[in-house]
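Asks: Pasting a structure below so you can have a look.
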Amino acid sequence: MVIKTADDASHIAIEWAKGNFSVTDATVTSSTKIGTNWRVAVKFIKNNEEKRYVLMVKEDETIGGFKEHNNYNNSNNYLNTASTYITVSLVFSIIALIVYIYYIFSLVFAIVAISSLSSTSSVPASFLYAISIIPFIIALLFLIVDIFMLIRINRIKKYIDSGNVLQAYKANSVLFGILGLIFGMIITGIFLLLARSPLNTAKNDEF
C-alpha cells in the first residue's frame, strides 16, 4: 500500500508510538508532505510525562527516521517569530507594489504631457522622451520583480503555516533577501533576512 493522504501517515505514526512505547493513546499534532514522504509530529503520555516525536513516514509505510522533539514549544516560538517577520515583509512588498504602480502612471501622464509640449519646446523631443521613458522602464522592472517577490513571500508564509520549515528556509535565501533590499524598499529585504535566523533554528529541530 502506498500512503496517499495525511490520515494514512498519521495512522502509521500513531501505531508506531503505541507499539514502541506501549501507550494506549497518541495524537498527531501536524502532518506535512515533503516530497514523497510525510513528516508527522506525534505526542503521547508516558509515565505521566508528555513525549513528542517527529517521524519521517515513507510512502511505502515504513519509518524513515524519528527524532524526539522535547523543545517543541521553543521551535514553535521560532516559527511564530519567522512568520511575523515574513508577514511584515509581505506588507511592505505590497506597499512597494502600490508605490511603483503610482509612479508608473505618473510617468505615463508625464510622457503624454511631453508629447503635447514637444512641438513648442526648444528642447529636443528625443531628450524629453528619454528623461521620461528611461525612468518608466526602470520603474516597470522594479514592479515586475516586486510582483515576483510578493508571490514568493506569500509562498514562504504558506510553508511556515503548514510546518514545512525546510522549504520555507530554502525559499527565503540570502539572495532573495538582497533582492528585497533593492526592489522592496529596503524594509522588505531587512525582514526577509531577519526571518532566516529563526527559520534556521527551527529547521535544525526538524528532519
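The values are calculated or read from the model by the stated rules, or taken from the named source; none is laboratory data. Keep in mind that this is a model prediction, so the values were computed, not measured. Backbone-built Cβ (ideal geometry, glycine too); neighbour counts: all protein chains shown.
Asks: Inspect region 71-94 for any residue being farther than 30 Å from PHE142 by Cβ and either among the small types (Gly, Ala, Ser) or at pLDDT 90 or above (or both) and give the result as yes or no.
Replies: There is at least one residue in region 71-94 that is farther than 30 Å from PHE142 by Cβ and either among the small types (Gly, Ala, Ser) or at pLDDT 90 or above (or both).
Asks: May I ask you to verify whether GLY35 is surrounded by fewer than 18 Cβ atoms within 10 Å (Cβ to Cβ) and under 24 Å from ALA195 (Cβ atoms)?
Replies: So GLY35 fits the description; yes.
Asks: Of all residues in region 177-207, which are hydrophobic (A, V, I, L, M, F, W, C), closer than 24 Å to PHE142 by Cα and buried (at least 20 other Cβ atoms within 10 Å of the Cβ)?
Replies: PHE183, PHE191, LEU192, ALA195
Asks: Still on this structure, I have one more. Go through the residues of region 25-32 one by one and say whether even a single one is part of a strand (DSSP E or B), more than 24 Å from GLN167 (Cα to Cα), modelled with pLDDT of 80 or more and of a type outside the set (Ser, Thr, Tyr).
Replies: No, region 25-32 contains no residue that is part of a strand (DSSP E or B), more than 24 Å from GLN167 (Cα to Cα), modelled with pLDDT of 80 or more and of a type outside the set (Ser, Thr, Tyr).
Asks: So which residues in region 27-50 are small (Gly, Ala, Ser) and farther than 16 Å from LYS67 by Cα, if there are any at all?
Replies: GLY35
Asks: When both residues are 6+ apart or on different chains and their Cβ atoms are under 6 Å apart, which pairs have a first residue that lies in region 121-140 and is assigned by TED's automatic domain parsing to the domain that holds VAL108 and among the small types (Gly, Ala, Ser), and a second that is surrounded by 14 or more Cβ atoms within 10 Å (Cβ to Cβ) and at pLDDT below 70?
Replies: Every condition considered, the pairs that remain are ALA125/SER118.
Asks: Name, by its number, the condition in (1) out of contact with any Lys or Arg (no Cβ under 7 Å at 6 or more places or on another chain); (2) under 27 Å from ALA9 (Cβ atoms) that does not hold for VAL112.
Replies: VAL112 satisfies every listed condition except (2).
Asks: Could you grab me the full set of residues in region 34-53 that are under 22 Å from the mean Cα position of the chain (by Cα) and of a type in the set (A, V, I, L, M)?
Replies: ILE34, VAL40, ALA41 - these are the residues of region 34-53 that are under 22 Å from the mean Cα position of the chain (by Cα) and of a type in the set (A, V, I, L, M).
Asks: If you check VAL57, VAL2, VAL40, which single one turns out to be surrounded by 12 or more Cβ atoms within 10 Å (Cβ to Cβ), among the β-branched types (Val, Ile, Thr) and modelled with pLDDT under 90?
Replies: Only one candidate qualifies: VAL40.
Asks: Of the residues that sit in region 13-32 and are closer than 25 Å to LYS158 by Cβ and either in contact (Cβ under 8 Å) with a residue 60 or more places away in the chain or not polar (S, T, N, Q) (or both), which one is surrounded by the most Cβ atoms within 10 Å (Cβ to Cβ)?
Replies: Only one residue tops the list, namely ALA13.
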